[in-house]
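The values are calculated or read from the model by the stated rules, or taken from the named source; none is laboratory data. All values reported here derive from a predicted model rather than from experimental measurement. Glycine also receives a Cβ, built like all others from the backbone with ideal geometry; neighbour counts cover every protein chain displayed. Quick note on the areas: whole protein, heavy atoms, side chains included, nothing else; ligands and nucleic acids left out. Shrake-Rupley method; radii C 1.70, N 1.55, O 1.52, S 1.80 Å.
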Amino acid sequence: MIKFSLVDVSSIQASVPRSNFSEEQIEQLADMILECEGVLNVILLTQTGINNYRVLAGDLEYYAALRAKEKNPRQGEMINAVIVQPQNQEVLLKQAELFKNSSFTVEPKPVIVRDETSLESGLEKQLDQLIELQNQDHKKTQAEFQTLSQMISSGNSDINNRLQQLETTVNNLTAIFDKLIKKSKYDAMTVAQLKEIVKKLGIKVKSNIKKGELIAILLDQD
């Protein structure tokens, strides 16, 4: 298992000379270490004494950490590293070399971000369209109802049954319309708010009940 440790920069030595790297590289990376409070590429170390270490991989990062400590002794005192055990040294060095020399790139998978605002706006638009259709049907039925009422008043008794059917339809549409409004209100609530309403109604529900089930219970009560 790989274990990460915080190591005092002053206790580390490198076998690769600092001149192998440009001072500009070291300076830029040192600033980044101080800004981010650590290095992204972890240094691999081997222990050479009780509190002494030698760099196996990550010499540039080491020299940058050393420069960071020169700039800010307190913030740059420690650096995150992996202290490699002898039995793991070969495989960890191969892994570090593979990442260092890798020429392939991994294409990131597209992340689908669900825009909650757009989703909510779309649902509201669909609800508004449904309500508008219900309103149109309601108005049309009311107009037919009034026409038939006038015909009834003129003595056409054959229309009486149809009038009753239309009255029932009006009542059903009204009930559906009311239920849609209530469902829209419940959809906007959280599960905790819905549970509180159910509790006030004296209805016992499971603790892991889903939001849709709670809404169905409340709609049945109305």
Notebook entry, point to check: Restricting the first residue to the stretch 177-198 and requiring it to be hydroxyl-bearing (Ser, Thr, Tyr), which pairs with a second residue that is surrounded by 15 or more Cβ atoms within 10 Å (Cβ to Cβ) meet a Cβ separation below 8 Å and a spacing of at least six or different chains?
Noted result: SER184/LEU127; TYR186/LEU194; TYR186/LEU214; TYR186/ILE215; TYR186/LEU218
Notebook entry, point to check: Limited to the stretch 121-152, what total is found for residues that are open to solvent by less than 100 Å² (accessible area, probe 1.4 Å) and either hydrophobic (A, V, I, L, M, F, W, C) or in contact with a Cys (Cβ under 7 Å, 6 or more places away or on another chain) (or both)?
Noted result: 9
Item checked: Scope the stretch 50-71; condition open to solvent by less than 50 Å² (accessible area, probe 1.4 Å) and assigned to a loop (DSSP other than H, G, I, E, B); matching residues -> GLY58
Next item on the list: Would you mind stating whether GLN47 is in contact with a strand residue (DSSP E or B) (Cβ under 6 Å, 6 or more places away or on another chain) and open to solvent by 40 Å² or more (accessible area, probe 1.4 Å)?
Entry: yes
Next item on the list: Report, by residue number, each residue of the stretch 188-198 that is open to solvent by 70 Å² or more (accessible area, probe 1.4 Å) and of a type outside the set (A, V, I, L, M, F, W, C).
Entry: THR190, GLN193, GLU196
Item checked: Close pairs (7 angstrom Cβ cut-off, 6 or more residues apart or separate chains): within 15 Å of ILE12 (Cβ to Cβ) and at pLDDT 75 or above in the stretch 70-94, in a loop (DSSP other than H, G, I, E, B) and open to solvent by less than 80 Å² (accessible area, probe 1.4 Å) anywhere -> ILE79/VAL39; ASN80/GLY38; ASN80/VAL39; ASN80/VAL42; ALA81/VAL42; VAL82/VAL42
